[in-house]
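I have placed the structure first, in the form of structure tokens, so that the comments after it can refer back to it.
The values are calculated or read from the model by the stated rules, or taken from the named source; none is laboratory data. Since the model is a prediction, treat every value here as computed from it, not as a measurement. Cβ atoms come from the backbone with ideal geometry, glycine included; neighbour counts cover every protein chain shown.
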Amino acid sequence: MPRLALPNGTEVPRLGQGTWYMGEERSRRDEELRALRTGLDLGLTLVDTAEMYGDGRSEELVAEAIAGRRDEVFLVSKVLPWNATRRGTRAALEASLRRLETDYLDLYLYHWRGSVPLEESIEALIGLEEAGLIRGWGVSNLDPADLAELDSMTGASGPHGLQTDQVLYNLTRRGIELDLVPQLNSAGVPVMAYSPIEQGRVLGHPALGEIARRHEASDAQVALAWVLRNEGVIAIPKSSTPEHTAQNRQALDLRLTSQDLAALEAAFPRPSSPVPLEML
């Protein structure tokens, strides 16, 4: 399993498992549990969730999926922006820990920027790490200007500072390549890409289909392999079935050629100038 090191030295899988929209329907629970456990068996031990997902039901699903295997898992969750005050961040984390049935998180992210001052939210995250409740902290959906502001704060950089920025990144959402990715790369901070196949909307594109046929792969595997071509990127696709999870894992073994990359560049060109950070 390819891995990369976070700024704090922790090595994590470059391909993990997202859980957005999971845990919301009881009729799908057994299959979703099998999907997550299949991922663990295949080495996809980075599991991402959030208090927002299903109002905590995703965290409860994850708790059941990783029961007895917590030590294998790099567990990530997120605090909602309106909870991210000095006191509210700790209360939100404690609620997430109860739902996840664990006493710590490996990584805790500020989900997106809200009305609470950024410095207050980051100080709260730093305090949680100092208290031993989380082993690292990061952000999600913060743009270059936000990161520049964060970088000016005491304790927000270095081994115990920012560990990742989780952002929307896929073939159709390439704006971050112009500004955010270089900024994070220069700081030694990896990108964590959510919705790496645009929730399935990129599938069926002729360019993807042609490349998939050449490699005897699926459109989704090609799209995922493209995101993973950059060694500083972690991808967290969601899978609700064991079969889909296994296919995601196989994308790690897909090596796109220069011809493939040129065809994808022509079909999905990146913007010519910076664009506002996109979110789903």
_Filter segment 34-86 down to the residues that are charged (D, E, K, R) and either without any contact (Cβ under 8 Å) to a residue 24 or more places away in the chain or within 29 Å of D253 (Cβ to Cβ) (or both) and list them by number._
R34, R37, D41, D48, D55, R69, R70, D71, E72
*asked:* Between G158, G132, G127, which is farther than 22 Å from P237 by Cα, touching a residue at least 60 places away in the same chain (Cβ under 8 Å) and either of a type in the set (G, A, S) or part of a helix (DSSP H, G or I) (or both)?
replied: G158
*Return yes when L125 is crowded, with 18+ Cβ neighbours inside 10 Å, within 25 Å of V275 (Cβ to Cβ) and within 21 Å of the chain's Cα centre (by Cα) and no when it is not.*
no
_segment 135-155, subset without any contact (Cβ under 8 Å) to a residue 60 or more places away in the chain and farther than 29 Å from F268 by Cβ, residue nearest to the chain's Cα centre (by Cα)_ = W137
*asked:* Looking for something out of contact with any strand residue (DSSP E or B) (no Cβ under 6 Å at 6 or more places or on another chain) and not basic (K, R) - is there at least one such residue anywhere in segment 11-18?
replied: no
*Looking at L224, L178, L228, L208, which is the one that is under 18 Å from the mean Cα position of the chain (by Cα) and either crowded, with 23+ Cβ neighbours inside 10 Å or under 24 Å from S273 (Cβ atoms) (or both)?*
L224
*Residue match in segment 157-165 (condition: acidic (D, E) and surrounded by fewer than 23 Cβ atoms within 10 Å (Cβ to Cβ))*: no
_Quick check on this structure: which one of L150, L142 is surrounded by 18 or more Cβ atoms within 10 Å (Cβ to Cβ) and part of a helix (DSSP H, G or I)?_
L150
*Restricting attention to segment 164-207, which residues are in a strand (DSSP E or B), out of contact with any helix residue (DSSP H, G or I) (no Cβ under 8 Å at 6 or more places or on another chain) and of a type in the set (D, E)?*
none
*Evaluate segment 183-192: report whether one residue or more is at positive phi and out of contact with any Cys (no Cβ under 8 Å at 6 or more places or on another chain).*
yes
*Check I211 against each of (1) assigned to a loop (DSSP other than H, G, I, E, B); (2) free of Cβ contacts under 8 Å to residues at least 60 places away in the same chain; (3) more than 23 Å from I176 (Cα to Cα) and name the one condition it does not meet.*
(1)
*Go through segment 1-116 and tell me which strands (runs of 3 or more DSSP E), entirely inside it, have 3 or more residues that are surrounded by 23 or more Cβ atoms within 10 Å (Cβ to Cβ) and modelled with pLDDT of 95 or more.*
46-48, 74-79, 107-110
